[in-house]
Amino acid sequence: MKPQLFKKTRLATSLSLVLSASTMAPVYAAEAEGTENTANENMEVIAVTGIRGSLVKSMDVKKSSDGIVDAISAEDIGKMPDSNLAESMQRIPGVSIDRQNGEGSRVSVRGFGADRNLVLLNGRQMPVTTGSRSFDFANIASESISGVEIRKTSVASSPTGGIGATIDVLTHRPFNTPGLKATFGAKAVDDTSTDKGSITPELSGLYSNTFADDKFGISISASYQERESGNQQAQVGTGWRSFPGSADNTTDWGGVQKDNQVNRPGDDDIYSVPQTTIYRFEEQQRTRTNGQLVLQYSPVDSLVATLDYTYMRNDIDTQYNDVSAWFTFAPSESTWTDGPVSSPLVYSETYDSPQDVSMAAGDYGVRNESGSLGLNLDWQVSDNLNLTLDMHKSDAENKPNHIYGSSNTLSTAGFIRTSAATDFSKDLPALAVGNGNNIKPSDMRVTGSVFGNSRNKSEIDQYQLDGEYLFEHSGSIDFGIALTDVNNHSQSVNVQRNDWGGVGQEGDFEDEWFPADTIHDKFDASKGNFADADGDFDLLDTIFFWDFDAVRGRAEELYTAAGYVGAGDCGTDFCPSTQYAMDVDRYTEEKSTSAYIQYNFESEFGDMPYDIHVGLRYEKTDVTSTSAVASYDGADWIADTEIALVATGDQVFQTQTGDYDYYLPNVNFNIEVVEDVMLRAAYSETIGRPDYTSIQGGTVVGTLANRAGGSGTTGNPGLLPLESTNYDLSAEWYYSQTSYMSVGYFRKDTVNGIDNVKVESDIYNIANPTDGAKYDAAVAAVGTDAGNIRQWIFDNYPNDPFVDVANGIISGNSAEDNTLLFDLDTPANSKDKTTIDGWEFAIQHFFGESGFGVIGNYTLVDAGDSYNNYLLEDQAVETNISDTANLIAIYDNYGFQARLAYNWRDEFLSSRGQGTGQNPQYTEAYSQVDFNVSYDIEALEGLTVFFEGLNITNEYTRVHGRANQQLLNLTQTGARYSLGARYTF
């Protein structure tokens with residue numbers, strides 16, 4: 001029989017790259033199919049490890065994929081490039097990350113924020129507890145991760161939800177590396193951001209083995225990490241208030257007068273004013289525990305069963321102290337930038353009577369905990385047919401983990417402030433407070449407090465059946481169906497004291513509970529110096545880092561009246577409640593049914609091998625939302641501008657539903673035009689589902705309305721997903737075994753973004769006392785002044801059962817008054833179309849056998865319609881879109897490995913809302929430098945020592961509003977260093 005020659009395909013080429021990546025010894029090509037391989041038992045196969053091995057494996061995934069895919073592969077078992085997966089993924093072209101307390105948390109791809117990217121664990125959708133759809137990578141350790149694949153083009157088998165990308169996190173499987181494999185690592189972490197903590201430990205281990213001729217396998221991995229960190233923040237609390245230039249303090253609260261202003265905004269400009277300036281100092285302790293157990297069994301060669309359980313827990317405790325001055329919008333003397341969008345360089349107020357200098361503190365903790373149990377059956381039915389059944393049940397919960405709740409603040413204040421001013425001309429706002437540096441512990445009074453508990457739980461049941469059928473001569477068909485049920489339950493309750501005017505007297509607290517410290521020496525950013533203002537300003541540089549536990553306990557003793565039973569579980573108002581049914585209680589269920597089919601074909605066009613993949617996916621989704629809301633049965637006009645809703649004391653449940661279905665086609669075409677040069681083209685239609693918070697039903701209204709009506713918010717389970725039509729082109733040149741360069745273009749035409757709109761509602765059908773016969777008669781008699789109207793009604797209807805003259809209350813009468821209307825802020829789909837496109841450039845190059853290499857990539861994104869800072873209404877503009885770049889220098893030789901990485905992300909719109917309404921938030925451009933160095937100790941085979949550093953240049957993040965001067969948040973963390981060792985055998 002004539003032997004059949006081995007045909008070189010893209011996959012075979014890629015596999016040969018992996019096998020030949022090491023230059024230490026020769027690796028021989030496979031023998032021709034159909035002949036006896038007599039050299040097999042003498043063949044030496046080199047296991048590729050280290051940085052180069054990891055990069056070659058990732059390059060192989062990219063080259064052999066059926067679309068545009070990037071990947072990260074572990075350098076060795078239990079060794080991802082970074083201890084945080086998000087930090088590793090930011091090295092990928094088009095991938096950027098959001099950081100929380102200096103650590104990678106959420107991932108954006110091609111400018112699309114975390115909610116627009118689908119994160120899978122071994123192909124399974126994972127539950128989240130944030131209300132968004134974004135997975136928090138701070139919850140998962142990297143030691144059990146074998147790789148991450150970032151699919152940027154769609155195939156029919158991929159679940160929907162990833163408009164930017166679908167990110168599949170792959171964990172270790174014993175059958176993937178047969179035999180005994182084990183590793184143990186330990187490191188000591190020094191986080192320079194903390195003032196109170198010390199060096200903390202991190203431990204990890206992984207054991208994997210196969211038995212009974214590789215028919216049974218087990219893998220166990222675990223990691224334990226402690227981290228003590230801190231941060232310093234400058235904030236403008238509750239955001240900035242924005243006005244048209246024509247508005248002043250006679251027409252709008254917060255507006256500035258026409259006089260006493262330098263370069264006052266003109267009538268055709270818009271301007272913004274700050275609500276408060278805050279300096280906040282935070283300490284945080286995090287304990288992260290991860291574990292995974294994997295059992296695999298293959299009773300026959302055609303069947304592999306995999307049972308796995310993954311556990312993640314992240315405990316976070318936070319303490320903070322802050323100092324702030326709340327602007328009262330008394331007549332100001334301010335200096336302004338030029339329009340049309342004007343900002344104060346200096347905003348200042350002087351008071352006729354002393355105001356407060358507030359110093360708040362908090363001490364709280366949360367636990368993020370999740371578990372996933374999965375069963376996978378992979379059955380090679382015949383030479384032509386393969387079936388895979390995957391079932392998993394996962395849950396995740398965010399819940400309180402502290403005696404004082406999941407969030408809290410206890411405020412104290414000294415009422416000694418004679419003036420307040422902030423210079424916003426530099427990165428760090430400079431707060432000046434008249435008499436502020438003369439504050440003493442004896443000046444401090446306890447004011448208001450809020451003790452909150454919130455918990456969110458998500459559960460996912462998912463069943464997937466996938467199949468592949470190979471035709472006899474060429475081509476194959478992939479097919480499958482899936483059922484996914486996502487349940488989310490969110491609850492919260494606040495215990496709030498509104499004694500913001502202060503309680504108690506001098507001597508209530510020990511002076512030593514209020515140690516004084518300084519402020520500005522703790523920040524690196526440059527601060528304003530009031531050079532653009534006239535007059536002397538006393539820069540505030542005093543803060544009391546007061547003892548939260550001592551002050552809280554003493555205040556509870558002094559300010560809880562005898563016999564009074566508070567709303568907290570402790571019987572007072574100085575602790576949280578677990579009576580969640582008293583406040584927010586919302587539940588959503590999202591059921592999705594999907595089916596897909598895809599045809600795959602490989603052939604050659606002349607000497608150019610190509611493959612094409614044409615698929616269609618069908619998705620049907622039903623949403624049900626049930627929420628408990630407060631009920632009201634009346635309205636009382638209690639003051640000139642205030643109408644108080646009369647609560648029944650009960651809650652009612654509202655249920656709303658929504659549904660949608662889509663047919664989603666996709667085409668991927670790949671061709672090797674010359675050897676090692678790939679061209680790719682792709683077309684697909686994808687959807688990105690709305691965040692879970694937006695689809696929660698239930699209406700929450702303010703308990704105070706006015707003569708214009710009430711206000712509130714409500715979710716919308718009927719929201720449609722963001723629809724995207726995607727076009728991708730890519731060229732890739734793999735010009736050596738370890739090097740490549742690529743360029744790609746992408747375009748996404750989107751529709752169905754989410755706007756916030758006002759919807760008028762008579763939800764409670766309660767009578768409005770300012771819209772009826774008595775009110776109309778009063779207006780006819782005395783005009784529109786509210787005080788005159790109320791007095792006229794008291795004078796003329798003293799015996800009316802709905803008029804309480806003694807208490808100054810006029811109640812609504814359903815027999816004669818019209819219904820009170822509410823303007824509800826409601827998320828709604830926008831039909832505006834947006835095109836987002838961009839370019840990705842990447843290069844990976846090793847310089848011969850020197851061991852030196854470099855990786856560079858740059859992503860340019862055009863966001864289409866950008867946010868117009870001159871408009872004062874909400875705009876349906878996608879957030880989190882920005883250019884990104886990475887530059888990494890590498891050395892890998894003689895057992896020594898080093899990596900120095902520079903990551904950069906350009907400024908981007910991070911939110912369309914602030915605490916005061918529809919105002920934008922921009923996260924400014926940010927760069928970070930990280931490194932890691934390791935050495936394999938030759939005398940102790942398998943032992944590696946390493947040293948790592950993150951953010952070694954101490955960069956800080958900064959967020960601003962409509963203009964750079966409108967600071968919202970500046971957060972400074974610091975560098976983090978790790979020294980450790982890892983033993984592998």
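Every read-out reported here was derived from the displayed coordinates using simple, explicitly stated rules and does not represent laboratory data. Nothing here was measured: the structure is a model prediction, and the numbers come from that model. As a convention, Cβ positions derive from the backbone with ideal geometry for all residues, glycine included, and neighbour counts pool all protein chains shown.
Find the eigenvalues of the gyration tensor of the Cα atoms of the range 371-472, then list the square roots of 5 times those eigenvalues as equivalent ellipsoid semi-axes, largest first, in whole angstrom.
For the range 371-472, the ellipsoid semi-axes come out as 64, 21, 8 Å.
Taking only C-alpha pairs under 8 Å that are 6+ residues apart, what is the relative contact order of the chain in percent?
11
Which ³J(HN,Hα) values in Hz, rounded to whole numbers, follow from the phi angles of the range 626-641 under the Karplus curve 6.51 cos²θ - 1.76 cosθ + 1.60, where θ = phi - 60° and Gly and Pro get x?
10, 9, 8, 9, 5, 10, 10, 10, x, 9, 10, 7, 9, 7, 3, 10
Taking loop as defined by DSSP and a crowding limit of 10 other beta carbons within 10 Å, which trypsin sites (Lys or Arg not before Pro) in the range 193-239 fit?
Lys196
Might you report the magnitude of the Cβ-based charge dipole of the range 767-819 about its Cα centre, with Lys and Arg at +1 and Asp and Glu at -1, to the nearest 20 debye?
Taking the Cα centre of the range 767-819 as origin, the dipole is about 80 debye.
Which far-off residues, 5 or more places away or on another chain, put their amide H under 5 Å from the one on Asn706, with H placed in the peptide plane?
Under 5 Å from the amide H of Asn706: Ile643.
Tell me, Thr641, Thr784 in order of fewest to most beta-carbon neighbours within 10 Å?
Going from least to most buried by this count: Thr784, Thr641.
Rounded to two decimals, what ratio of Rg to Rh does the range 767-819 give with C-alpha atoms and a Kirkwood Rh?
Reported Rg/Rh (Cα atoms, Kirkwood Rh): 0.92.
What number do you get for the chain when its Cα radius of gyration is normalised by 2.2 N^0.38 Å, N = residues?
1.05
What is the dipole size for the chain, taken about its Cα centre, with +1 at each Lys and Arg Cβ and -1 at each Asp and Glu Cβ, in debye to the nearest 20?
So the magnitude is around 1500 debye.
Quick one: which residues, 5+ away or cross-chain, put their amide H under 5 Å from the amide H of Asp269? H built at 1.01 Å from N.
Gly245
So what is the diffusion coefficient of the range 605-665 in µm² per second by Stokes-Einstein at 20 °C and 1.002 mPa s, using a Kirkwood Rh over Cα pairs?
So the translational diffusion coefficient is about 122 µm²/s.
Quick one: net charge around Phe669, please, counting Lys, Arg +1 and Asp, Glu -1 for every other residue with C-beta under 9 Å from its C-beta.
0
With θ set to phi - 60° and the Karplus curve 6.51 cos²θ - 1.76 cosθ + 1.60, what are the ³J(HN,Hα) couplings of the range 645-650 in order, to the nearest whole Hz, using x for Gly and Pro?
6, 9, 7, 7, x, 10
Is the C-alpha gyration tensor of the range 322-410 telling us rounded, prolate or oblate? Criteria: a/c under 1.5 is rounded; beyond that, a/b larger than b/c is prolate, otherwise oblate.
Oblate is the answer for the range 322-410, as a/c is 1.5 or above yet b/c matches or exceeds a/b.
So, in Å, what gap is there between the alpha-carbon centers of the range 909-969 and the range 290-308?
When both Cα centres are located, 39 Å separates them.
Pairs of alpha-carbon atoms within less than 8 angstrom and 6+ residues apart define the contacts here; what relative contact order does the range 767-819 have, in percent?
This gives 52 percent for the range 767-819.
Amide H neighbours of Arg110 under 5 Å, at least 5 residues apart or on other chains, H built in the peptide plane: list them.
Val95, Ser96
Under a no-solvent Debye model with one identical scatterer per Cα of the range 423-507, what's log10 I(q)/I(0) at q = 0.15, 0.18, 0.23 Å⁻¹?
Debye intensities relative to I(0), on a log10 scale: -0.92, -1.00, -1.11.
What shape does the range 877-985 take by its C-alpha gyration tensor, where a ≥ b ≥ c are the square roots of the eigenvalues and a/c under 1.5 counts as rounded, a/b above b/c as prolate, and the rest as oblate?
Prolate shape, in that a/c is at least 1.5 and a/b is the bigger ratio.
Label the range 96-220 by shape, choosing from rounded, prolate and oblate, from the square roots a ≥ b ≥ c of the eigenvalues of the Cα gyration tensor; if a/c is under 1.5 it is rounded, and otherwise prolate applies when a/b is larger than b/c, oblate when it is not.
oblate
As I understand it, the value is the acute angle between the Cα axis of helix 548-558 and the longest principal axis of the Cα atoms of the chain; what does it come to in degrees, rounded to 10?
With rounding to tens, the tilt is 30 degrees.
Which of the aspartates and glutamates could a cross-linker span from Lys758 if the Cα-Cα distance has to be under 13 Å and same-chain partners fewer than 8 positions apart are dropped?
Answer for Lys758, where 13 Å is the Cα cut-off: Asp823, Asp825, Glu873, Asp874, listed by chain and number.
Only loop residues by DSSP count here, and only those with at most 15 other Cβ atoms within 10 Å; note down the chymotrypsin sites (Phe, Trp or Tyr not before Pro) in the range 210-315 that meet that.
Of the chymotrypsin sites (Phe, Trp or Tyr not before Pro), the ones in loops of the range 210-315 whose Cβ has at most 15 other Cβ atoms within 10 Å are Trp253.
Starting from 0.36 nm per residue, how many nanometres of slack lie between Leu940 and Phe211 once their C-alpha separation is accounted for?
Full extension of this stretch gives 259.7 nm more.
With θ taken as phi - 60° and the coefficients 6.51, -1.76 and 1.60, list the Karplus ³J(HN,Hα) couplings across the range 258-275 in order, rounded to whole Hz; mark glycine and proline as x.
Running phi through 6.51 cos²θ - 1.76 cosθ + 1.60 with θ = phi - 60° gives 7, 9, 6, 10, 9, 6, 4, x, x, 4, 8, 8, 10, 9, 9, 10, x, 8 Hz.
Using 0.36 nm per residue of separation minus the Cα-Cα distance, give me the extension gain between Asp549 and Asp511 in nm, one decimal.
Contour length minus the Cα-Cα distance gives 12.2 nm.
Strictly over 26 Å apart at the Cα level, which of Lys440/Lys522; Lys63/Lys215; Lys393/Lys748; Lys57/Lys620; Lys187/Lys457 would you flag in this model?
Flagged as over cut-off: Lys63/Lys215; Lys393/Lys748; Lys57/Lys620; Lys187/Lys457.
When the helix-only estimate is applied to the chain (DSSP H runs of n ≥ 4, each -39,500 (n - 2.57), divided by the residue count), what is the mean residue ellipticity at 222 nm, nearest 500 deg cm²/dmol?
-2000 deg cm²/dmol
Can you put Lys187, Lys527, Lys152, Lys831 in order, fewest other beta carbons within 10 Å first?
Final ranking by Cβ density, sparse to dense: Lys831, Lys527, Lys187, Lys152.
Based on Cβ point charges of +1 for Lys and Arg and -1 for Asp and Glu, what charge dipole magnitude is obtained for the range 468-588 about its Cα centre, in debye rounded to the nearest 20?
560
As I understand it, the dipole of the chain uses +1 on the Cβ of Lys and Arg and -1 on the Cβ of Asp and Glu, about the Cα centre. Which of Gly371, Tyr632, Ile150 lies farthest toward its positive end?
Value computed over the given set: Ile150.
By how many degrees, 0 to 90 and rounded to 10, does the Cα axis of helix 773-782 deviate from the longest principal axis of the chain?
60
Projected onto the charge dipole of the chain (+1 at Lys/Arg Cβ, -1 at Asp/Glu Cβ, origin at the Cα centre), which of Leu428, Thr277, Leu664 gives the Cα projection farthest towards the positive end?
Result: Leu664, furthest along the dipole toward the positive end.
If the chain between Leu558 and Leu729 were fully stretched, how many nm would it gain, using 0.36 nm times the residue separation less the Cα-Cα distance?
54.6 nm
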